[in-house]
Structure formats: C-alpha cells, structure tokens
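A.B. asks: Let me give you the structure first, and then I'll get to my questions.
Only the coordinates and a few stated rules stand behind these numbers; no lab work does. Keep in mind that this is a model prediction, so the values were computed, not measured. Don't worry about glycine lacking a Cβ; one is built from the backbone with ideal geometry, like all the others, and counts go over all protein chains shown.
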Amino acid sequence: MNVGSNLDAAFSALADPTRRAILARLAKGEATVMELAAPFEMTQPAISQHLKVLEDAGLVVRRVDGTKRPRRLAKAGVEAMDQWLAMLRTALEKSYDRLDEVLAEHGKTEKRRKTMRMSKMTLKTEGDTHIVVTRRFAAPPEAVYRAHTDPKLVQKWMLGPEGWTMPVCISEAKPGGKMRYEWSNGKGGGFHLTGEYLELEPYSRLVHVERMHLPNPTPDNHIETRFAPDGTGTLMTMRMTLPDAQTRATMLATGMESGMEASYVRLEGMISLLE
C-alpha cells in the first residue's frame, strides 16, 4: 500500500491505543507476535488482527525467519506520514510570519519592543500525561484572552501557509459552547479541529477540550489556559492533559513546539489590534 496516497488508512490505524503501543514497541526493533502480545492481556490472534490493520495501512511489514514471522516498522509508510505532518508544521510557521506586517500597519512595533522585552515560549512535560506551555505577550490579559476566543481574531492568526484559508471558524465562548476550525488549501485538501468550552473566567482563564480530525479524531486534549497580568503585558500558561503517555509522545513528535511558537509570534504582531 502507498501510504502517501492513503493517509486515511494510516491515521485510522493509529486511532487505536493498542496499535499505537505496538508501533512504539516496534520502534525499538522487530518483534514476533508472541513478543508483542506479552505486555497485553490479549491473545496472540487478537494481536495478529491489530498487526493486519497496521500492515494494510502500510505501517508494518513482516519478515520470514524459518517458522517465525517477526514484524518491523515499514520505513516508507512512516516517512509518508512524517512528510504530511511536516506540511502541517510548515503551515503553522508560515501562518505567523505575517505578524510583522500587521504591526507595521498600525505603527506600534517599536513601541511594544521598548515597553516590554518578550521571551520565547517554554514547553515542558509533567508526569506521564501533561504538557505545560508558557508565553509572555506585550498586551493586557483582556486582549490576549479575546485573541483566543473571538473567531474573527482567530482567523487572522491561525491561517496556515500561502494559499490556505480558514473558511469556517466557530468559537462559542461560553460553557458548553462549540469550537470548530476548518482549514482549506483551495484544492480540495484540508483538515479540521473540533472542541467544547468547559469553563470560562473572562480575561483570566479558559478550559476546553479539543481534538484534531486527520481525518479521524485524535484522543481528547484537555486544556486549561490562564492569562495573568505581567507588568504591562500578560503571562499565558497553558496546561494540556492527554489520556496517556503514548498519545503525548505522538503529539510532541509532530514538532508542535516550533509550530506553536511561530503561531504566537504572529499573534504578537496583532497586539495593536487587540487593545
């Protein structure tokens, strides 16, 4: 199977935590069905069914070794997925390159640089399932909060590479309110995010759940974001909670840190519009 032309099957295969765990084990080296079944309360035939799905998706191949049939990762399949994820990372980086243009239009770039020296984003892990992100912005908490909840503002700093647009941006900033962001390249390609707001403390705290659809939904990411006064600006602290260590590792492996910082740089460029 050519995973490059059938990413649906590959991402669908990864939707199951057992199959993700199998791939994580195979990343350390090839293994037999018996070896793969050992950590699970599952029969070898059940593991074989999971392996068949991974093989059909082009992510795993088998080798004949006498009576044994050890499996290993399929290089071509994994590389095809990595190339697709690299496209998303590039999209995020280019989305925020327009930051300086927005600042220049409103003549506040130098003013903000003099009033507050901004630090880059920091990202660290806690325990097995948490990611904590911090970032300072040269704008009051009210402005940074609105940039994360107002759909008209979200569409300005979360676009993607040249040629990509966000034709749908739903952000119902209230408890139980829905979130839906859709990106399109204008050529029939695209992906989207869905989520729900759980708690809101205007201008200081947001709690929501989100999932990416690639095309199948990823496991829920529970996110709490705080906006605290920091001198004349804002210290944003975002705490993500994933369902398990493997899901967190998969997310970090996409290069999310550089993509998020590129996004925030662009948001910084919108500061003059938010006050």
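A.B. asks: Wrap a convex hull around the Cα atoms of the chain, take a quarter of its surface area, and give that in square nanometres.
C.D. replies: 15.8
A.B. asks: Here's another thing I want to ask about it. Any idea what angle helix 44-56 forms with the longest principal axis of the chain, computed on alpha-carbon atoms, 0 to 90 degrees, nearest 10?
C.D. replies: Result, in degrees: 60.
A.B. asks: Would you mind telling me which residue in Gly58, Gly127, Gly77 has the biggest mean-square fluctuation in a Gaussian network model of the chain, where springs connect alpha carbons within a distance under 10 angstrom?
C.D. replies: Between Gly58, Gly127, Gly77, it is Gly127 that shows the largest mean-square fluctuation.
A.B. asks: Given H placed 1.01 Å from N in the peptide plane, which residues other than close sequence neighbours of Arg136 have an amide H under 5 Å from its amide H?
C.D. replies: For Arg136, the qualifying residues are Ser119, Met236.
A.B. asks: Sorted by mean Cβ packing within 10 Å, highest first, what order do the peptides 18-24, 173-179 take?
C.D. replies: Highest to lowest by the protection proxy: 18-24, 173-179.
A.B. asks: Calculate how steeply helix 256-268 sits against the longest principal axis of the alpha-carbon atoms of the chain, using the helix alpha-carbon long axis, and give the answer as 0 to 90 degrees to the nearest 10.
C.D. replies: Compared with the principal axis, the helix lies near 20 degrees.
A.B. asks: Please give the charge dipole size of region 14-70, origin at the Cα centre, charges +1 on K and R Cβ atoms and -1 on D and E Cβ atoms. Round to the nearest 20 debye.
C.D. replies: Charge dipole of region 14-70: 120 debye, to the nearest 20.
A.B. asks: How do Ile223, Ile170, Ile271 rank when sorted from fewest to most other Cβ atoms within 10 Å of their own Cβ?
C.D. replies: Fewest to most other Cβ atoms nearby, the residues stand as Ile170, Ile223, Ile271.
A.B. asks: Is there a quick way to get the dipole size of the chain? I mean about its Cα centre, with the Cβ of Lys and Arg at +1 and of Asp and Glu at -1; what is the value in debye to the nearest 20?
C.D. replies: 440
A.B. asks: Once the Cα atoms of helix 17-26 and of the chain are each reduced to a long axis, what angle between those two axes, in degrees from 0 to 90 to the nearest 10, is obtained?
C.D. replies: Here the helix axis deviates by roughly 70 degrees.
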